[in-house]
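The values are calculated or read from the model by the stated rules, or taken from the named source; none is laboratory data. Everything numeric in this text was worked out from a predicted model, so none of it was measured. Here the Cβ positions follow ideal geometry from the backbone for every residue, glycine too, while neighbour counts run over all protein chains shown. Surface areas here come from the heavy atoms of the whole protein model, side chains and all, with no ligands, DNA or RNA. Shrake-Rupley method; radii C 1.70, N 1.55, O 1.52, S 1.80 Å.
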Amino acid sequence: MNIKNDLFLRAFTDAKLPRPPIWLMRQAGRYLPEYKATRAKAGSFLELCRSPSFCAEVLLQPLERYDLDAAILFSDILTVPDAMGLGLTFGVGEGPRFSKPLREESDVHALAVPDMAKLQYVFDAVAECKRALTQDGEQRVPLIGFSGSPFTLACYMIEGAGSADAFPLTRRMMLQRPELFQKVLDVNVGAVTAYLSEQIRAGADALMLFDTWGGVLAPRLYREFSLAPMQRIVAALRAEFPSVPVMIFSRGAAHSVGAIAAGGAQGIGVDWQSDLADVRAAAGPHVTLQGNFDPLLLTTDEDTIRREIAKSLAGFDPHHRYIANLGHGITPDADPALVGTFVDTLRST
Ligand code: CP3
């Protein structure tokens, strides 16, 4: 497939680019009234995720409003544990919840890599999103596929929901029963590798591993229980699909940027609590950095946005191996007009 605007993919080479490519984590989401309208039509967030045509509809919404250089599959990271039989629900106004979390040793022993047929709706959504991006035989921008990291998925699978206290049940199993916890991670490595491979076969042009919670761990525990399983996935994908770049986004793990870069991922997502120039120094010149603006900027004003962009990029080369993005997902209270200011300012960088 010919990609009309491939700036995002060129950011994974050593080429000097005329401007940084830009997209936004959660660019299709609740800050857009048209997203809320589609979600209402679908009935709920999960029904939206399960309908390939609605997924394609919301995928295009931010591209109609803004000059973005990539689109991300519309789905969620928790589709995988749901397919393992853990029973995912999203209550209105609440985060995710599993009806059958991993609480007993026997729950862990019963856990297995799910049949990928249970996730066919996601692969169908990838294909439908790809079709929706294609006009006159050309794909407008690259399509990013994604998964949760084995550790971040384990947090939700064990805790059964989000956590205000850094996932105590998960960390207790990790500390007290490391071999049992490793069994969960091993199943997740197998599941995520199969899941991402199928997304590539369905049309994903690049991949991202969302490791939202790896940063709750001390650096040595992060490397053992979060980074190492991700590196097994990256190695397997690189062996089978060498031309598809894989990015790792570990929130709160700036301490291990050198180790992430050494481990084979082509890209590193940078959270908003780091300075890009420091991360570049730690990561070296041959890995692509993505990030790292504070999502809160999109609730401020035009002057603040322009000033912060200039200050964040001081001492950093945004034309080489860099993808402009936020340092975490866009929030529901972001102002759609300010998102336009943000995108346009970065496009003229
Ligand atoms: O970036 C995109 O536009 C792609 C879509 C995407 C969603 N979730 C859609 C979504 C992606 C890449 C994700 C990843 C995801 N999901 C992560 C990792 C990234 C991160 O934000 O740290 C996590 C931890 C989840 C699990 C999840 N899904 C939570 C905790 C929640 C509820 C929190 C919230 O923001 O309300 C979701 C719901 C969710 N996933 C929404 C969207 C658009 C909002 C649901 C709605 O429309 O009501």
| field | Debye, to nearest 20: dipole size of the range 41-100, +1 on Lys, Arg Cβ, -1 on Asp, Glu Cβ | value | 300
| Using Cα pairs under 8 angstrom and six or more residues apart, how large is the relative contact order of the chain, in percent? | 22
| Tell me, what is the 1.4 Å probe accessible area of Lys4, in Å² to the nearest 10? | 150
| field | Amide H within-cut-off set for Met208, under 5 Å, with H built and near neighbours excluded | value | Gly145, Phe146, Ser147, Met247
| remark: Scoring only Lys, Arg, Asp and Glu (+1, +1, -1, -1) among other residues with Cβ under 11 Å from the Cβ of Val122 yields -3
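About its Cα centre, what dipole magnitude does the chain give when the only charges are +1 on Lys and Arg Cβ and -1 on Asp and Glu Cβ, stated in debye to the nearest 20? Kindly include the intermediate steps, with their values, before the conclusion.
Details: 34 positive and 40 negative charges, 79 e Å.
Roughly 380 debye, rounded to the nearest 20.
Of the GluC sites (Glu not before Pro) in the range 38-103, which ones lie in a loop per DSSP and count no more than 13 other C-beta atoms within 10 Å? Before the final figure, lay out the partial values.
On the way: sites: Glu47, Glu57, Glu64, Glu94; in loops: Glu94.
When the GluC sites (Glu not before Pro) of the range 38-103 are filtered for loop state and at most 13 Cβ neighbours within 10 Å, Glu94 remain.
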| the range 292-342 - Debye-derived log10 I(q)/I(0), Cα point model, q = 0.18 Å⁻¹ | -0.56
| said: Beyond a 29 Å Cα-Cα separation, which of these cross-linked pairs lie in this structure: Lys16/Lys36; Lys118/Lys183; Lys36/Lys118? | reply: Lys16/Lys36
| query | Got a sec? Charge dipole of the range 252-349, +1 on Cβ for Lys and Arg, -1 for Asp and Glu; which of Leu289, Asn325, Val339 is way out at the positive end? | reply | Leu289
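Give me the number: length gained by fully extending Arg220 to Leu296, i.e. 0.36 nm times residue separation minus the C-alpha to C-alpha distance, one decimal in nm. Each step should come with its number before you reach the end.
Values: separation 76, 0.36 × 76 = 27.36 nm, distance 3.05 nm.
Net length gain for the segment: 24.3 nm.
Test of the criteria: in the range 224-254, which trypsin sites (Lys or Arg not before Pro) are in a DSSP loop and have at most 15 other Cβ atoms within 10 angstrom of their Cβ? Don't skip to the end; give the middle numbers.
Numbers: sites: Arg232, Arg238, Arg251; in loops: Arg251.
Passing sites in the range 224-254 do not exist.
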| request: Considering only His109, His328, His255, give the residue with the highest GNM mean-square fluctuation for the chain, with springs between Cα atoms whenever their separation is below 10 Å. | output: His109
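Nearest 20 debye, what's the magnitude of the dipole of the range 152-288 about its Cα centre given +1 on Lys and Arg Cβ and -1 on Asp and Glu Cβ?
On the way: 11 positive and 12 negative charges, 56 e Å.
With only Lys, Arg, Asp and Glu charged at Cβ, the dipole is about 280 debye.
In a shell of Cβ-Cβ distance under 12 Å around Val287, excluding Val287 itself, what net charge do Lys and Arg (+1) and Asp and Glu (-1) give?
Details: positive: Arg280, Arg321; negative: Asp14.
Local charge sum for Val287: +1.
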| Under 12 Å from the Cα of Lys4, which aspartates and glutamates turn up, not counting those fewer than eight places away in the same chain? | Asp69, Asp136, Glu138
| message | Among Thr304, Thr38, Thr193, which one shows the highest mean-square fluctuation when the chain is modelled as a Gaussian network with alpha-carbon springs under 10 Å? | response | Thr304
| request: Please turn the phi angles of the range 96-103 into ³J(HN,Hα) values with the Karplus equation 6.51 cos²θ - 1.76 cosθ + 1.60 (θ = phi - 60°), one per residue in order, whole Hz, x for glycine and proline. | output: x, 8, 9, 6, 10, x, 7, 10
| query | Looking at the range 167-201, which trypsin sites (Lys or Arg not before Pro) are in a loop (DSSP not H, G, I, E or B) and have at most 15 other Cβ atoms within 10 Å? | reply | none
| note | What helix-only [θ] at 222 nm does the chain give? Using -39500 (n - 2.57) per DSSP H run of at least 4, over all residues, to the nearest 500, the answer is -12500 deg cm²/dmol
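Rounded, prolate or oblate: which fits the range 72-129, taking a ≥ b ≥ c as square roots of the Cα gyration tensor eigenvalues, rounded meaning a/c under 1.5, else prolate when a/b beats b/c?
Details: a/c = 3.38, a/b = 1.38, b/c = 2.44.
Note, shape of the range 72-129 comes out oblate.
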| task | Would you pull out the residues with amide H under 5 Å of Ile268's amide H, same chain only if 5 or more places away, H placed 1.01 Å from N? | result | Ile248, Thr288, Leu289, Gln290
| task | Once you have the Cα-Cα distance between Asp124 and Asp136, take 0.36 nm times their residue separation minus that, and quote the gain in nm to one decimal. | result | 2.2 nm
| note | the range 1-41 and the range 48-97 have their Cα centres apart by a whole-number Å value of 15
| C-alpha center-to-center spacing [the range 211-235, the range 132-157] in angstrom | 20
| field | Residue-wise HN-Hα coupling along the range 141-154, computed from phi with Karplus coefficients 6.51, -1.76, 1.60 (Hz; x: Gly, Pro) | value | 9, x, 10, 9, x, 7, 8, x, 7, x, 5, 4, 4, 4
| note | So the FRET efficiency between Ala314 and Arg30, C-beta based with R0 = 56 Å and rounded to 0.05, is 0.95
| said: Under the rule of at least 5 residues apart or a separate chain, name every residue whose amide H is placed under 5 Å from the amide H of Leu326. | reply: Met25, Phe293
| task | Compute, for Ser99, the solvent-accessible surface of its heavy atoms (probe 1.4 Å) with the complete set of protein chains present, and express it in square angstrom to the nearest 10. | result | 80
| Which semi-axis lengths, in whole Å and largest first, follow from the square roots of five times the eigenvalues of the Cα gyration tensor of the chain? | 30, 24, 20
| In nm, what is the difference between 0.36 nm times the number of residues separating Phe45 and Glu240 and their Cα-Cα distance? | 66.9 nm
| Which residue, Glu159, Glu104, Glu308, has the most motion in a Gaussian network model of the chain that connects Cα atoms within less than 10 Å? | Glu104
